[in-house]
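So the structure is just underneath, and the comments pick up after that.
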Amino acid sequence: MSSPLVLLVSRSASRTQVYREALDARGISCLAIAELKEVAILASGTPLSGVLLDMPVLIKASPADKTATEDILKALPSAYLNIAPATDSIKLLTADATQGIAKSIDEFAELCKGFTPRLVRPKDRYPLHLQALLTTVPEQDSPERTVTLNISPKGCFLFTSNTELQLEQQVSIQFIGLNDTTPITATICWLRLWGTGRHHIPGIGVNFTTLSESQQAQIIRLLEPLQPH
């Protein structure tokens, strides 16, 4: 049986070696890369059991590169790594708890061993902040004022602290910055409830179901400057 393959992102050769040796000792194979922008390419073509991000890489990454990895961090066991200067010990913090929580590299290795390797094809989402009015139930007195953290022509992630939302729930979104402000019907496909992730923004990921052609065309135009050329 082959050992699980984990993608490691670290720019430092010496830090990469420390992480590689620790993973090898725990029966985990490591594919090391230096740039966050490479994650989406490799994850879409290589079955992986996890992904590890060295903190210095994350600190220097662009918002677009961070957004491009969000779906991958949700789909695979994922964690941030750092090395404690005083002891040279490896510190680990779960990046996204969707596939499990690990508090140490030992626990992360066990998560990866129990995870079926998979390909992850990230969505074409970009960090665009559109103000919106969110209605989650028909009898809601007034819509919640919110904003998108990222968006694509097919869906978006919206900030909300509402703890009563459910997967597959239909909601109505009115983007007040679009020329066509007709409310859009959308379905919740992913959610992070307030209070469940101390280091993450709470909100919902939705797929648009009634987006008009003019609304989609304007979103595409707004996204063009954010896309790599």
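For region 115-156, which semi-axes, largest first and in whole Å, follow from the square roots of 5 times the eigenvalues of its Cα gyration tensor?
In descending order, the three semi-axes are 29, 15, 8 Å.
Along the Cα-to-Cβ line of S12, 7 Å from the Cα, sits a label point; which residues in region 76-97 have backbone N less than 16 Å from it?
Zone members listed by number: 80-93.
Determine which residues of region 149-184 fall in the zone a paramagnetic label at W194 would reach in this model, i.e. backbone nitrogen under 15 Å from the point 7 Å along Cα→Cβ.
158-166
Sorted from largest to smallest, which semi-axis lengths in Å does the alpha carbon gyration tensor of region 131-226 give for its equivalent ellipsoid, taking the root of 5 times each eigenvalue?
After diagonalising the Cα gyration tensor, the semi-axes are 22, 16, 11 Å.
Where the convex hull is taken over the Cα atoms of region 5-113, what is its projected area averaged over directions, in nm²?
With the hull built on Cα positions only, its mean projection is 6.1 nm².
Given a Förster distance of 22 Å, report the FRET efficiency between S89 and M55 from their Cβ-Cβ distance, rounded to the nearest 0.05.
Efficiency, rounded to the nearest 0.05: 0.95.
I'd like the orientation of helix 13-25 relative to the chain: the angle between its Cα long axis and the longest Cα principal axis, in ° from 0 to 90, rounded to 10.
In the chain, helix 13-25 runs at an angle near 80 degrees to the longest axis.
Between the helical axis of 63-75 and the dominant principal axis of the chain, each derived from Cα atoms, what acute angle in degrees is found, rounded to the nearest 10?
Its long axis makes an angle of about 80 degrees.
Rule-of-thumb check for the chain: C-alpha Rg over 2.2 N^0.38 Å?
My calculation over the Cα atoms of the chain gives 1.11.
Once both axes come from the Cα atoms, what is the angle between helix 213-223 and the longest principal axis of the chain, in degrees from 0 to 90, rounded to 10?
With rounding to tens, the tilt is 40 degrees.
The numbers here are math on the coordinates, done by the rules we state, and not lab data. What you are looking at is a predicted structure, and each value in this text was computed from that prediction instead of being measured. Note: ideal-geometry Cβ built from the backbone for every residue, glycine included; neighbour counts use all protein chains shown.
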